[in-house]
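The values are calculated or read from the model by the stated rules, or taken from the named source; none is laboratory data. Note that this is a predicted model, so its numbers are computed, not measured. Using ideal geometry, Cβ is built from the backbone for each residue, glycine included, and neighbour counts are taken over all protein chains shown. Heavy atoms of the whole protein, side chains included, go into the accessibility calculation; ligands, DNA and RNA do not. Shrake-Rupley method; radii C 1.70, N 1.55, O 1.52, S 1.80 Å.
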Amino acid sequence: MLEIKNLEKSFRSPTGERVPILNVPQFNVAAAEQMVIVGRSGCGKSTLLHLIAGIGRPDSGHIAINGLDITRLSEEGRDRFRAEVMGYVFQTFNLLQGFTALENVILGMSFARGRVDHGRARDLLHRVGLDHRLDAYPRTMSVGEQQRVAVARALANRPKLLLADEPTANVDPANQQAIVDLIRETCQEEEISLVMVTHSMEVAEQFQRVDPLEKLNLVAQANKAHA
Amino acid sequence: MSIWQIAWRSIRQRALASSLTAFSMALGVLLVTAVLLVHGLITKSFTDNSNLGYDLIAGAKGGKLQLVLNTTFYLSQPVENLPYTFYQEFLTKEEQENELALMKPENRGELKDGTYAKNIDFAIPVNLGDTYQHFRIVGTLPKFFEVFKADNEVDPKYHFRHGRNFKVWDDEHGYFEAVIGSIVASETGLKVGDKIEAAHGGDPNDVHSDSPFIVVGILAPSGTPNDRAVFINMEGFYLMSGHAKVEENERPGADVSGSTISRRKPLPIKQREVTAILIRTHDPVFGRSLKNRVNEGNVAQIASPVYVIASLFEFIVKPIQTLLLVLTIMICLVSGISILVSIYNSMNDRKREIAIMRALGARRVTVMGIVLGESIILSVGGGILGWMGAHLLLFSASPFVEAQTGVQIGLFELAPLPRWLEVEIPEVIINNSWIGQFCSIELVIIPGLLLLAVLVGFLPAYTAYRTDVAQALSSSP
Ligand SMILES: Nc1ncnc2c1ncn2[C@@H]1O[C@H](COP(=O)(O)OP(=O)(O)OP(=O)(O)O)[C@@H](O)[C@H]1O
Ligand SMILES: [Mg+2]
């Protein structure tokens with residue numbers, strides 16, 4: 001499903017030199033597989049997810065999703081591919097403030113296909129336990145509620161791959177478990193591959209596959225050796 | 001959800017800033033539209049009224065402009081008078097006999113065809129100088145309301161809403177009959193049968209209470225300055241004290257035999273004067289030669305009102321209007337720039353939102369379209385409000401404007417095309433009643449606003465297009 005080879009990414013520091021962040025020789029996720037990535041802050045987890053989503057471009061290497069190498073696509077092509085194949089949940093501030101919960105979910109659909117399935121949008125919000133808040137604006141919702149809307153939105157287009165970047169970072173333990181359950185169940189039902197970043201050991205423990213990024217990433221290993 | 005709906009939400013999110021910028025655009029467009037409409041009104045009122053039905057005005061030597069303003073618009077200070085005998089030069093012997101029928105033949109002097117009587121359609125004398133309240137009084141002959149034709153050349157130009165035209169002599173009222181314009185009637189409440197006492201020379205303390213006139217007719221609105229005038233029989237005018245040219249000891253009506261004023265005799269010819277003569281000639285060539293002949297003499301001058309009005313318009317009214325238009329267009333540009341600043345300032349706060357949209361699959365052009373959409377909604381929305389505001393404003397002022405200029409304004413009457421453009425458009429289109437009605441300079445407003453919106457929206461939209469999604473997502477809001 002997801003195959004990464006020799007992926008390298010660096011950023012320019014303010015002084016102008018290149019700071020390598022990622023060097024991932026190999027990273028694969030099977031269809032409908034659910035896995036988590038862990039790692040200390042700043043080691044490049046979000047950067048890796050951005051690259052997989054095609055939001056950023058690697059310096060070199062290949063990212064193939066269902067056999068298609070997205071590093072060869074134009075920005076326009078990656079936008080379209082992302083909309084069709086992937087769902088994304090961010091750490092915080094997921095929602096568009098000017099739109100209600102329901103509209104946030106619908107918006108994801110209309111960007112991707114231009115065609116909107118209101119029934120599915122309501123159904124997803126029902127599944128995350130927000131039927132009573134369909135018309136609420138983000139600023140009137142708790143962080144936990146907002147994250148649940150974000151999960152519903154990420155699933156709205158029936159993606160093949162769900163990227164979740166610390167979806168429970170700002171949520172209390174009870175909500176955290178509800179969100180994780182929701183993501184796992186839906187991915188299982190709809191055979192969606194899941195790549196989730198988390199800091200929480202309680203969450204990570206529930207997964208069969210837990211990859212520490214330090215292990216995948218040669219840059220991190222080098223830094224470790226330095227330290 | 002369409003781009004427009006998304007753009008509208010984003011506008012609503014910044015409701016205060018958005019409404020302020022839209023409001024400034026509304027004001028700008030309101031001013032532009034108002035200037036265009038007023039421009040159209042003034043042009044219309046000038047051109048309508050310069051289609052006077054006559055082509056020349058004869059008056060005493062002096063300023064042509066003053067003569068024309070006085071005679072056609074009843075504006076400006078009264079001018080000097082001409083001797084009645086000069087007026088007679090425009091009449092045939094027969095016409096003179098008719099007009100002086102009430103005078104004893106021995107008092108008329110010897111009548112012969114006037115020097116200029118050939119090739120003249122009509123010549124109408126007018127006497128100006130008195131007022132009734134703030135309305136001008138025009139002493140003239142009944143033919144004033146008979147010879148002018150409507151645009152179709154058949155119907156009369158002036159209609160009576162009530163009563164009838166005044167007569168030179170009426171068995172009941174004698175010489176003292178009057179006809180009033182529609183605005184005079186509505187403002188003063190005068191009705192048929194009421195009395196009018198003229199103020200001599202416009203002086204309210206010098207009222208001709210010795211010779212009141214009786215209103216016998218009220219004109220239907222004609223959209224001309226005549227709506228604001230009081231017309232009285234010239235014979236009666238002459239008999240009011242102070243109107244005879246004083247040359248000899250002879251008092252007007254000194255040989256009165258009856259007991260009432262109306263029995264007095266007409267004023268002798270040598271004591272008569274006229275302020276101006278409205279003339280229509282058979283053809284312009286003769287008009288020009290007539291003008292030259294009279295102007296070379298030292299008695300009178302002849303002016304072409306259409307020419308005088310047009311040059312007044314060209315040299316005074318137009319530059320002012322152009323200046324106003326330029327100023328108001330600049331106001332619109334400033335409003336456009338304020339929209340630019342408002343949207344551009346918001347771009348920094350919106351990087352995150354744009355990144356989220358992009359992560360949701362929105363294309364770069366979609367994001368750009370949303371920002372452009374905001375600019376268009378603000379400019380065009382504000383502009384349409386301003387446009388409607390201008391029309392409402394002018395419409396609510398229309399009774400006043402109509403009273404002042406005689407031009408009527410409909411709520412959605414559009415400003416006309418400028419002349420130079422109008423001549424470019426085939427006549428079939430202009431004269432087609434409903435297409436022609438929409439041939440308006442105002443049609444430029446909406447495309448103009450769209451262009452402005454795209455211009456000012458482009459910079460922020462391009463910023464949105466260029467947003468680095470990865471960076472915007474990794475920096476916390
Ligand atoms: N746009 C950027 N320009 C320069 N450096 C960046 C940029 N984005 C990220 N970095 C750097 O890359 C490194 C990895 O960042 P990343 O956000 O991927 O970390 P992370 O593992 O997700 O950390 P966290 O757990 O705190 O979210 C950090 O040192 C960060 O400073
Ligand atoms: Mg991160």
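See the values below:
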quantity: Antiparallel %, DSSP beta bridges [both residues in the protein assembly as shown], to 5; calculated: 65
quantity: Amide H partners (placed H, <5 Å) of B:Gly114, local residues excluded; calculated: B:Leu91, B:Thr92, B:Lys93
quantity: Straight-distance crosslink candidates among lysines, where the alpha carbon sits under 18 Å from B:Lys191 and sequence neighbours closer than 8 are dropped; calculated: B:Lys167
quantity: Dipole of the protein assembly as shown, positive direction: furthest Cα of B:Leu128, B:Leu451, A:Gly87, with charges on the beta-carbon; calculated: A:Gly87
quantity: Dipole moment magnitude, nearest 20 debye, the range A:131-227 about Cα centre, only Lys, Arg, Asp, Glu C-beta charged; calculated: 340
quantity: Tail fraction, Cα-Cα pairs, the protein assembly as shown, threshold 51 Å, whole percent; calculated: 46
quantity: A/B buried area, accessible surface, summed, 1.4 Å probe, Å²; calculated: 2300
quantity: DSSP-defined beta bridges in the range A:2-226 - what % are antiparallel, rounded to 5; calculated: 50
quantity: Cut-off 19 Å, label 7 Å out along Cα→Cβ of B:Thr92, residues of the range B:280-308 by amide N; calculated: B:280-283, B:286-287
quantity: Neighbourhood net charge (12 Å Cβ-Cβ; Lys/Arg +1, Asp/Glu -1) for B:Ala198; calculated: -3
quantity: Set of aspartates and glutamates with alpha-carbon distance to B:Lys112 below 13 Å, sequence-local pairs under 8 removed; calculated: B:Glu89, B:Glu94, B:Glu95, B:Glu97
quantity: Added length on full extension, which subtracts the Cα-Cα distance from 0.36 nm per residue, A:Thr92 to A:Ala32; calculated: 19.1 nm
quantity: Label zone at A:Asp123, where the point sits 7 Å out along the Cα-to-Cβ direction: the range A:139-183 residues whose backbone N lies under 14 Å; calculated: A:155-159
quantity: Charge dipole magnitude, Cβ of K and R +1, D and E -1 - the range B:53-311, Cα centre, debye nearest 20; calculated: 340
quantity: Top positive-direction residue, dipole computed over the protein assembly as shown with Cβ charges, set A:Ala150, B:Pro284, B:Leu36; calculated: A:Ala150
quantity: Alpha-carbon Rg/Rh ratio, for the range B:53-311, with Rh computed the Kirkwood way; calculated: 0.94
quantity: Angle in degrees between helix A:101-113 and the longest Cα principal axis of chain A, rounded to the nearest 10; calculated: 60
quantity: The range A:1-65: trypsin sites (Lys or Arg not before Pro) in DSSP coil with no more than 16 other Cβ atoms inside 10 Å; calculated: A:Arg40
quantity: Whole-percent carbon and sulfur share, accessible surface of the protein assembly as shown, 1.4 Å; calculated: 56
quantity: Sites B:Asn345 and B:Glu106 - FRET efficiency at Förster radius 60 Å, r taken between beta-carbons, to 0.05; calculated: 0.05
quantity: Leading residue at positive end of dipole, the protein assembly as shown (Cβ point charges), from B:Ser304, B:His200, A:Ser193; calculated: A:Ser193
quantity: 0 to 90° range, to nearest 10: angle between helix A:118-127 axis and chain A longest Cα axis; calculated: 80
quantity: Electrostatic dipole magnitude of the range A:1-94 [Cβ: Lys, Arg +1; Asp, Glu -1; Cα centre; debye, to 20]; calculated: 240
quantity: Cross-link partners of B:Lys118 among lysines (Cα-Cα below 18 Å; sequence separation of 8 or more within a chain); calculated: B:Lys93, B:Lys291
quantity: The range A:138-149 - phi-based ³J(HN,Hα) in whole Hz, Karplus 6.51/-1.76/1.60, Gly and Pro as x; calculated: x, 5, 9, 10, 6, 4, x, 4, 4, 5, 5, 4
quantity: Probe 1.4 Å, accessible area per residue of the range A:2-226, Å²; calculated: 44
quantity: For q = 0.10, 0.12 Å⁻¹, Debye-computed log10 I/I(0) when each Cα of the range A:72-222 counts as one equal scatterer; calculated: -0.36, -0.51
